[in-house]
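Asks: The structure is given below, and queries will be raised subsequently.
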Amino acid sequence: MLLADVVAASAAVGATRARTAKAAALAEVLRAAAPEEVEPATAWLSGETLQGRLGTGWRTLAAQGGRAAAEPSLTVAAVDAAFTALAGTSGAGSTARRAELLGGLFDAATAAEQQFLRRLLTGEMRQGALEGVMLEAVAAASGVPPAVVRRAFMLSGRLPATARLALEGGAAALEAVRLEIGRPVRPMLASPASSLDGALGELGTEVSVEYKLDGARIQVHRAGDEVHVWTRTLREITEHVPELVDVVRGLPCEQVVLDGETLALADDGRPRPFQETMSRFGSEVHELLLRPWFFDCLHLDGTDLLDEPLEARLAALERVAGEHVMAGVRRPSAEEAAALLDRALDAGHEGVMVKSLAAPYAAGRRGKAWQKVKPVHTLDLVVLGAEWGYGRRTGSLSNIHLGARDPDGGEPIMVGKTFKGMTDELLAWQTATFPGLARSEDRHTVMLRPELVVEIALDGAQRSTRYPGGVALRFARVVRYRPDKTPAEADTIDAVRELLRE
């Protein structure tokens, strides 16, 4: 298969707003791909490479493409091999070698292929926001029911591998995918609730209400003495969190998979800032100790529990996690639920979660079975750019442009700007960090690749013709950046519009 075929499919996807048309264009190219071409093609059309980051910034790529091939000749295999070579290039002479590899690749590419490669390598292909559409395309290309494809993907965590498995082995191959201790499962996600009464009214009395911590999501796997810890983005952090490993290793079981949160506590027992917890995930210095709280059990001593109702999973959790079970109550009255919310807020936490006791663990899905209740409206949005400040903020990248995720895989949709809530330390961090993520800039603004997610507090939303989504944020202010989330996990434009009805 030629790279040009993948580029044509990408163009077809970008040219339509219809989700079914996007999936059809993707399915067509997947059907035409050879088995060894399915994985790279799937990754590229989802906005990623199989090799991960290749260390090619927009300034480096801007120097490429001075000339273009008249006719397409690059194959998918050749491009994937070039990416592998780029990923493996380091040390003395690596800069020249990388320039040579990129030069050869771009010289062999047509103008349309160069544009595609530039967007792919700079992260401007929406960073996996096409994931849902791609899963539909895999189902259509393979003839496998979409639910079977989604489940295999959620259990394996690897979309390209899932696509190849579906096209080569069909439903039987996908149904053989099971929860595997040592391979992380994509976490189940929660939807925001308008209020505690609203969540209880929607889910009824058969619910569990538990603390929602201002911590970092973790998933832990144990088999004997071997323990692994992952973040919500499935990045392994085992070596950075020895105290969590010790806790899991000490639980009364031989095999377990737990879902939970961790955070650092101050001397008075209140949670330390989220950024301090996150700093532990990349540090070899362990001055702050993390404590885990678990709220779900997906496997216990040979028994998979994903498809069991939450009530059964909680029973298993209580048997194994003891003092590390998240605080909560089951089947509370409205008054009992409100009292738990008050206690959570008084302790410095974000709010509560309301969960259906009958629901299975829907790995990777954001549904209504889990709802988060917080006293302040917040949204996780994508940072699209930043403006150079003036006055006290002169010399700092300050006013950030905010985008909501397009659920159909388009570019993030701008919904506002803000500089409120920024400390001097945050301004300094933005000014140092943003130029390395730039895709274009002028005297006033640096436009960024859609890689950073920021949590924004707001007073609501209002209709607006200023932004393309027809909606704008009211009194938006920065709460914190979310390095534990990818742009594919940002809130959608639909979530912003939902605020108009509240």
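The values are calculated or read from the model by the stated rules, or taken from the named source; none is laboratory data. From a predicted model like this one, the values you see are computed outputs, not experimental measurements. Cβ: placed from backbone, ideal geometry, glycine included. Neighbour counts: every protein chain shown. These area figures cover heavy atoms from the full protein model, side chains too; ligands, DNA and RNA do not enter into them. Shrake-Rupley method; radii C 1.70, N 1.55, O 1.52, S 1.80 Å.
Asks: Considering only the stretch 128-136, I want to know if a residue exists there that is open to solvent by 60 Å² or more (accessible area, probe 1.4 Å) and either within 21 Å of residue 23 (Cα to Cα) or of a type in the set (Phe, Trp, Tyr) (or both). Outline the logic, then answer.
Replies: In the first step, residues of the stretch 128-136 are kept if they are open to solvent by 60 Å² or more (accessible area, probe 1.4 Å); the result is 136.
Next, only the ones that are either within 21 Å of residue 23 (Cα to Cα) or of a type in the set (Phe, Trp, Tyr) (or both) stay: 136.
Among the residues of the stretch 128-136, at least one is open to solvent by 60 Å² or more (accessible area, probe 1.4 Å) and either within 21 Å of residue 23 (Cα to Cα) or of a type in the set (Phe, Trp, Tyr) (or both), which makes the answer yes.
Asks: Working only within the stretch 82-99, note down all residues that are surrounded by 13 or more Cβ atoms within 10 Å (Cβ to Cβ) and assigned to a helix (DSSP H, G or I).
Replies: We begin by selecting, within the stretch 82-99, every residue surrounded by 13 or more Cβ atoms within 10 Å (Cβ to Cβ); these are 82-87, 89, 94, 97-99.
82, 83, 84, 85, 86, 87, 94, 97, 98, 99 - these are the residues of the stretch 82-99 that are surrounded by 13 or more Cβ atoms within 10 Å (Cβ to Cβ) and assigned to a helix (DSSP H, G or I).
Asks: Suppose we keep only residues that are part of a loop (DSSP other than H, G, I, E, B) and open to solvent by 40 Å² or more (accessible area, probe 1.4 Å) within the stretch 215-233. Which one would you say is modelled with the highest pLDDT? Please lay out each step first, then the result.
Replies: We begin by selecting, within the stretch 215-233, every residue part of a loop (DSSP other than H, G, I, E, B); these are 215, 224-225, 232-233.
Those left that are additionally open to solvent by 40 Å² or more (accessible area, probe 1.4 Å): 225, 233.
On the way: 225: 95, 233: 87.
Across the stretch 215-233, the extreme among qualifying residues is 225.
Asks: Would you please name the residue that is nearest to residue 209 (Cα to Cα), looking only at residues in the stretch 362-399 that are aromatic (Phe, Trp, Tyr) and not in a loop (DSSP other than H, G, I, E, B)? It would help to see each step written out before you state the result.
Replies: Step one: of the stretch 362-399, the residues aromatic (Phe, Trp, Tyr) are 370, 388, 390.
Subsequent filtering for residues that are not in a loop (DSSP other than H, G, I, E, B) retains 370, 388.
On the way: 370: 10, 388: 44 Å.
The qualifying residue nearest to residue 209 (Cα to Cα) is 370.
Asks: Still on this model: Taking residue 317 as the residue in question, decide whether it is without any contact (Cβ under 8 Å) to a residue 60 or more places away in the chain and under 17 Å from residue 271 (Cα atoms). Before the answer, list the steps.
Replies: Numbers: without any contact (Cβ under 8 Å) to a residue 60 or more places away in the chain: yes; under 17 Å from residue 271 (Cα atoms): no.
Here the answer is no, as residue 317 does not meet what is asked.
Asks: Could you check the stretch 400-411 and list, in sequence order, the residues that are part of a strand (DSSP E or B) and either open to solvent by less than 40 Å² (accessible area, probe 1.4 Å) or without any contact (Cβ under 8 Å) to a residue 12 or more places away in the chain (or both)?
Replies: Start the filter on the stretch 400-411 by keeping residues that are part of a strand (DSSP E or B), which leaves 400-405.
Hits for the stretch 400-411 are 400, 401, 402, 403, 404.
Asks: Considering only residues that are surrounded by 18 or more Cβ atoms within 10 Å (Cβ to Cβ) and part of a loop (DSSP other than H, G, I, E, B), which ones fall in the stretch 346-361? Full working, then the answer.
Replies: First, the residues of the stretch 346-361 that are surrounded by 18 or more Cβ atoms within 10 Å (Cβ to Cβ): 349-357, 359, 361.
Residues satisfying the conditions are 349, 350, 357, 359, 361.
Asks: Considering each of 164, 150, 118 in turn, give the residue that is open to solvent by 30 Å² or more (accessible area, probe 1.4 Å), touching a Gly at 6+ places or on another chain (Cβ under 9 Å), part of a helix (DSSP H, G or I) and under 30 Å from residue 71 (Cβ atoms).
Replies: On the way: 164 fails: touching a Gly at 6+ places or on another chain (Cβ under 9 Å); 150 fails: under 30 Å from residue 71 (Cβ atoms).
After ruling out the rest, the residue left standing is 118.
Asks: Select from the stretch 448-502 the residues that are crowded, with 18+ Cβ neighbours inside 10 Å and aromatic (Phe, Trp, Tyr) and write down the one among them that is farthest from residue 415 (Cα to Cα).
Replies: 481
Asks: Among the residues of the stretch 68-77, are any open to solvent by 50 Å² or more (accessible area, probe 1.4 Å), touching a Ser or Thr at 6+ places or on another chain (Cβ under 7 Å) and modelled with pLDDT under 90?
Replies: Yes: one or more hits.
Asks: Any residue at all in the stretch 432-448 that is among the β-branched types (Val, Ile, Thr) and assigned to a helix (DSSP H, G or I)?
Replies: Of the residues in the stretch 432-448, the ones among the β-branched types (Val, Ile, Thr) are 433, 445-446.
Adding the requirement that they be assigned to a helix (DSSP H, G or I) leaves 433.
So far as the stretch 432-448 goes, yes, one or more of its residues are among the β-branched types (Val, Ile, Thr) and assigned to a helix (DSSP H, G or I).
Asks: Being outside any helix (DSSP H, G or I), in contact (Cβ under 8 Å) with a residue 60 or more places away in the chain and within 20 Å of residue 242 (Cα to Cα) is the filter here, so list the residues in the stretch 267-285 that pass it.
Replies: 271
Asks: Continuing with this model, one more query. Which of the numbered conditions does residue 292 fail, given that it passes all the others? Conditions: (1) open to solvent by 40 Å² or more (accessible area, probe 1.4 Å); (2) more than 22 Å from residue 195 (Cα to Cα).
Replies: It fails just one condition, (1).
Asks: Of the conditions (1) more than 24 Å from the chain's Cα centre (by Cα); (2) touching a residue at least 40 places away in the same chain (Cβ under 8 Å), residue 312 clears all except one; give me its number.
Replies: Failed condition: (2).
Asks: Right, something else. Residues 288, 314: which one is assigned to a loop (DSSP other than H, G, I, E, B) and touching a strand residue (DSSP E or B) at 6+ places or on another chain (Cβ under 8 Å)?
Replies: Details: 314 fails: assigned to a loop (DSSP other than H, G, I, E, B).
Residue meeting the stated conditions: 288.
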